[in-house]
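The values are calculated or read from the model by the stated rules, or taken from the named source; none is laboratory data. Just so it is clear, the structure is predicted and the values come from calculations on it, not from any experiment. Please note: Cβ atoms are built from the backbone with ideal geometry, for glycine as well, and neighbour counts cover all protein chains shown. These accessible areas exclude ligands, DNA and RNA; they are computed on the full protein's heavy atoms, side chains included. Shrake-Rupley method; radii C 1.70, N 1.55, O 1.52, S 1.80 Å.
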Amino acid sequence: MSEKIYLASPHMSNEGYEKEYVKEAFDTNWIAPLGKNVNEFENELAAKVGSKSAAALVSGTAAIHMALKAAGVGEGDIVFCQSLTFSATANPIIYQNAIPVFIDSNYETWNMDPEALEEAFVKYPDVKAVIVVHLYGLSADMDKIVQLCKKHNVVLIEDAAESLGTTYKGKYTGSFGDYGIFSFNGNKIITTSGGGMLVSDNEERIAKVRFWATQSRDKARHYQHSEIGFNYRMSNIVAGIGRGQLKVLDKRVAKKKYIFEYYKRELGNLEGIEFMPINEWNEPNYWLSCITINNCHSERSEESYISPLDIMEALEKDNIESRPIWKPMHLQPFFEKYDYIGGDVSEELFENGICLPSDTKMTDQDLDRIIGIIKKLWNEN
Ligand SMILES: *Cc1c(COP(=O)(O)O)cnc(C)c1O
């Protein structure tokens, strides 16, 4: 069996920064509860992305949940949510007993289509919040989306779980909206084994989130609660890993870009293959290198069409991980009962797309192995 190549796996620093911070927590017995690593991780991440404050939480999902709560989203409220995403973007809308309305993407960004968003505002003028996503490290069209949300006076939440390190016109994604969230799950560009962060310029709201996330304990010696609480805070050990990982974020972005450009150089002229869109105003973190396969190209016949599944299966046979593009939320059995605004862009991206292995530990030989398998499929068909 060939050596396994992962889609994206944890990559700790060569310098051992993570161990240093975790060791410090051990040496001072600051294993739990909160502590220095948590405070510093919040400060360092907020400084990196240019937000005034941050709350470190157990997951990106918890961060979206807290963002919705901080935005005042409650029972029966409408929330516009990008359809092409991972379910973790949409699930917290249901946790808050609110109602999602899903919005299509455009081909230009793969993210929320501002025109569909505008249409949604006409149909649902009472909407409470908008969740935009920066998929695979590509940024959404933020000028238009921010402007629309301002015009309608609606809270904007950015799901930047996949885009830590991505900039739009020189500004970091996650810092455009009223709230931004990041994830440090195992396959994200940096990881703490699991964790998340909520950022905002509204320090008072972030303080409130820290309160809710530690069980909403009122300031009293006895255990008193005037509000519902959550156990959502990140631990001091986990935050230590995060501080170390943050130090190598720029290096990881550089390697991800190298991987993307390597694929583009080697596979870019295979008929029907298109790479994810890199716009001039967007400097992505290239979290995953994604392509689509266009099946209406001229030369090839119906039988010789190579599907994303063909590629995934060929790679899998050689012990190499890849995956489809996210299946849109409006096509999910759980969510299909909710309204959807737009056309079939997100569905087409799902049907024709594939995420190629983007592990930052890959060597050029690993990349050549993957490329060889894909080229072989093209040569044989
Ligand atoms: C990973 C991810 C999340 C959830 O983050 P967790 O830390 O796993 O809870 C949310 N949205 C998107 C788009 C993601 O990729």
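Tabulated results
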{"read-out": "Dipole of region 261-372, positive direction: furthest Cα of GLY343, PRO333, LEU356, with charges on the beta-carbon", "value": "PRO333"}
{"read-out": "Within the accessible area of the chain (1.4 Å probe), percent carbon and sulfur", "value": "48"}
{"read-out": "Integer Hz, Karplus 6.51/-1.76/1.60 couplings in order for region 170-176, x for Gly and Pro", "value": "x, 10, 5, 4, x, 10, 8"}
{"read-out": "Relative contact order computed over the chain (Cα-Cα under 8 Å; 6+ residues apart), in percent", "value": "25"}
{"read-out": "For region 204-209, Karplus couplings with θ = phi - 60° (6.51, -1.76, 1.60), whole Hz, Gly/Pro x", "value": "5, 5, 5, 4, 5, 4"}
{"read-out": "Per residue, in Å², the accessible surface of the chain once ligands and nucleic acids are set aside, probe 1.4 Å", "value": "43"}
{"read-out": "For ARG323, residues with placed amide H under 5 Å, excluding near neighbours", "value": "CYS355"}
{"read-out": "In order through region 324-331: 3J(HN,Hα) via Karplus (6.51 cos²θ - 1.76 cosθ + 1.60), integer Hz, x for Gly, Pro", "value": "x, 5, 3, 7, x, 5, 6, 9"}
{"read-out": "Ranked packing of 209-220, 138-149, 70-81, most packed first, by mean Cβ within 10 Å", "value": "138-149, 70-81, 209-220"}
{"read-out": "Rounded to the nearest 20 debye, dipole of region 1-56 from Cβ charges on Lys, Arg, Asp, Glu", "value": "180"}
{"read-out": "Rounded tilt (10° steps) of 36-49 against the dominant C-alpha axis of the chain", "value": "50"}
{"read-out": "Candidate residues THR292, THR166: accessible-area rank, largest first, probe 1.4 Å", "value": "THR292, THR166"}
{"read-out": "For the chain, share of DSSP beta bridges that run antiparallel, in % to the nearest 5", "value": "55"}
